[in-house]
Structures are given as structure tokens and as C-alpha cells.
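Read the structure below first, then the notes.
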Amino acid sequence: PAAYSADAPDVLLKILARKVGEVAELKEAMAKDSGHPLHAVMGAAAPAERRRAAFRALKKSPGSLAVIAEIKRRSPSKGFIGEIKNPGKLSMLYQEAGASVISVLTDGEGFGGSMEDLAAVVAAQAKCKGAFPGPCPVLRKDFTIDEVQIAEAKAAGAAAVLLIVAALGKENSERLLRAAERMDIDAVVECHSKEEVEAALEIGAEIIGVNNRNLRTFEVDLSTCEKLKELIVADGRDIVTVAESGIKECTDAWRLRDAGYNAILVGEKLVELAEDKTFGSNPYQSSYNGARGLIKAFVSKGSTKYGRPGMGAFYGRGEGAKESLGEIML
């Protein structure tokens, strides 16, 4: 059954109550239609070997950083971020710039997303099959409280879902993590505190996201990631770590890379740069788009010692461009 933690922060409780209604509507639609595609997904046998597409995409060599580039129109804390009239095209800009995974918000009321956005991004990325670089795995970013939402993501072509420990608690997080594994879809298990990281480790999470935002005060502190990374390292398992929230400059990304994180998740800043019309009427034209430059700066071998904020926001120029190995275009 759909379930969440009664101890979840107030900012989540209203959203989670809304999700219970959405899950109920989805299950009602399934009950009325024996041929509903989600029946097949939920009834399928677990694979002999999981694909782990998102895990593999984020697992870079030591000293390298992967980027989860997010498509998000608004948020309860920030408000309006961007129109994003064409999420599929925006995902291609991200992919061409060097992102490893595309995150798509599918919550409508709070974030302006939809399952149609997810489908559009999956379809756009599928066109890259057989090319280099290939398609990015897609993360469905939503407030998951029930297995049927995982099945819905799987049916839509997503490679991963989000599980928020603060919203679910340890028991529900474990239940949904096992369901995701059974359906052959990765789960990013998001944590905000020492207790939540410990819970994620105990349930066997393979991708752990550490969010720098305090859900009770809304303050953002990058040192949260640095402090909690030590707990994950001490576990000794092969775990992909993702730093989330508060990453706006290339120096922020390099700081988290140097702290040992495999990946960063960035949404707000990339969308703002992608939709900046200062340099033209077509905001997604990659030749001059600021989001393209910032992603390139994020993944470059830049130095926090010699770098400075703001220099990588356009074309990746400055430290990011100087220290990158360059591009070969055929």
C-alpha cells in the first residue's frame, strides 16, 4: 500500500498526502482495465541480472565527475524557474554538453512536470542510440510512495526513480528499493542527515544522494555533503554518491568532486541558463547556450585552488576550458 513517514518534514507532508490521491487514481484505472500496461510491469519476473543503467552512467573513474542535469519548471521554494516548452530538446542540449543522466520532474502541482515530459525526454534520448555519446539514462524525479509509481516510471522508459528517506522512513524505503530492483530500475536514495544515510546503507542502497538542503529550515550548506560522505566511505561497498542542491558554480562542483562524490545533480541553475535569451531568440541553441558551458565546466579537471566562481557559465571558458582535454568533432 502507499505509505509515507508521519515524521516527514512539514514541507513534504502536504505533497505526500496529494501523492496518496494520485496513486489511488492510478490503481483505480488499473483495476478497471485488465489490459493496462502496468499490470505486465508489476507482474514480470525479476531479471537474472539487472541492467543498472543509471548506476553505470554515474560510475566514473576516480577524479572525474558525472552530471545529472535536471528539467524542472518551478519549485515550492524557488517558484518559477523556466518555461521549458520543449523538454526533449532541452535534454539533448544537456546530453550534447556531457551530462550522464537526465532528471525529469513529473510532479505537476508543485513542480510543473508531467509524465508527458518524461516520455518526451526518453523519446529524444532514444534517438542517440548507436551514436557517440549515446543516450542518457533518465531519472524520474517525483515523490515515490508506492510500487505502482515505480512501474509507471519503468513503463515510460525511465532508468531510475527517486526514494526520499525523509519522506518514507527506513521501512518504506527498503520496501520500495526492493520493488525497484525487482522491476530492473535503479533507485537514487536521497538523504539529508546522518541517520538517513545510515538507513540507506542498512537497506543496501547502491546510489545514495546527499541533499545539502535542510528541509526544515530550507538552508543550503555544501558542507553537509562533505560531512556525510565519510559515513558512506566507511561502509566499504561500491556505492555511487550524488551531491544535490546548492550547486551553482563550477567551483562548487569541483569542491564536491574533491570530496569524493561521483556525481552532482543540478537543475535550477541549468534551466535558468538554458532559457536565457540574452544571446538569441532560440534558447536551446547549444552553440551559445550557458547551460552547455556550465556542464562542460562541471566535468572539466578544474581546480578549486585556482578557479573562481562564475567563469564557467558561458562556453566553459576560464579554468574549465583551459584544463579540459578539449573536444574532437568529426
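Using the Cβ of Ile71 as centre and a radius below 14 Å, the other residues enclosed give a net charge of -1, where K and R count +1 and D and E count -1. Separation of region 185-203 and region 78-102, taken as the distance between their Cα centroids, equals 26 angstrom.
How would region 44-198 be classified by its alpha-carbon gyration tensor: rounded, prolate or oblate, with rounded meaning a/c under 1.5 and the a/b versus b/c comparison settling the rest? Rounded shape, in that the Cα axes give a/c under 1.5. Surface composition of region 192-278: carbon plus sulfur atoms hold 45% of the accessible area, using a 1.4 angstrom probe and ignoring ligands, DNA and RNA.
Between Ala126 and Glu202, the contour length at 0.36 nm per residue exceeds the alpha carbon distance by 23.9 nm. Of the peptides 117-125, 144-152, 17-25, the ranking by mean beta-carbon count within 10 Å, highest at the top, reads 144-152, 117-125, 17-25.
For region 1-70, which whole-number percentage of the solvent-accessible area (1.4 Å probe, protein heavy atoms only) is attributable to carbon and sulfur atoms? Here it works out to 56 percent.
In this structure, the pairs whose alpha-carbon distance is over 21 Å, taken from Lys19/Lys269; Lys170/Lys229; Lys19/Lys154; Lys227/Lys296; Lys72/Lys129, are Lys19/Lys269; Lys227/Lys296; Lys72/Lys129. At R0 = 25 Å, how high is the FRET efficiency between Phe80 and Ala234 if r is their beta carbon distance? Nearest 0.05 is fine. Taking R0 as 25 Å, the efficiency between Phe80 and Ala234 is 0.05.
Once you've got the Cα coordinates, tell me which of Lys194/Lys248; Lys32/Lys89; Lys60/Lys141 are over 28 Å apart. The pairs that break the limit, which is 28 Å between Cα atoms, are Lys32/Lys89.
Using the rule -39500 (n - 2.57) for each DSSP H run of four or more residues, divided by the residues of the chain, the 222 nm mean residue ellipticity is -13000 deg cm²/dmol. Here the chain is treated with +1 on each Lys and Arg Cβ and -1 on each Asp and Glu Cβ, and its dipole about the Cα centre works out to around 1000 debye.
To the nearest 10 degrees, how steeply does helix 223-235 sit against the main Cα axis of the chain, on a 0 to 90 scale? The answer is roughly 60 degrees. With angles folded into 0 to 90 degrees, how steeply does helix 165-182 sit against the dominant principal axis of the chain? Use alpha carbons for both and round to 10. Value to nearest ten degrees: 80. Looking only at Gly110, Gly157, Gly267, which one moves most when the chain is put into a Gaussian network model with springs between Cα atoms under 10 Å? Residue with maximal mean-square fluctuation among Gly110, Gly157, Gly267: Gly110. Fully extending the segment from Ala3 to Arg216, taken as 0.36 nm per residue of separation minus the present Cα-Cα distance, adds 74.6 nm.
In the context of the full set of protein chains, the chain has a per residue accessible area of 44 Å² (1.4 Å probe).
Summing +1 for each Lys or Arg and -1 for each Asp or Glu among the other residues whose beta-carbon sits under 10 angstrom from that of Ala187 gives -3. Helix 115-126 sits at what angle to the longest principal axis of the chain, using alpha carbons and giving 0 to 90 degrees rounded to 10? In the chain, helix 115-126 runs at an angle near 50 degrees to the longest axis.
The values are calculated or read from the model by the stated rules, or taken from the named source; none is laboratory data. Note that the structure is predicted; figures quoted are calculated from it, not measured. Reconstructed Cβ throughout: ideal geometry from the backbone, glycine too, with neighbour counts over all protein chains shown. Each accessible area value is taken on the protein alone, full model and side chains, heavy atoms only, with ligands, DNA and RNA left out. Shrake-Rupley method; radii C 1.70, N 1.55, O 1.52, S 1.80 Å.
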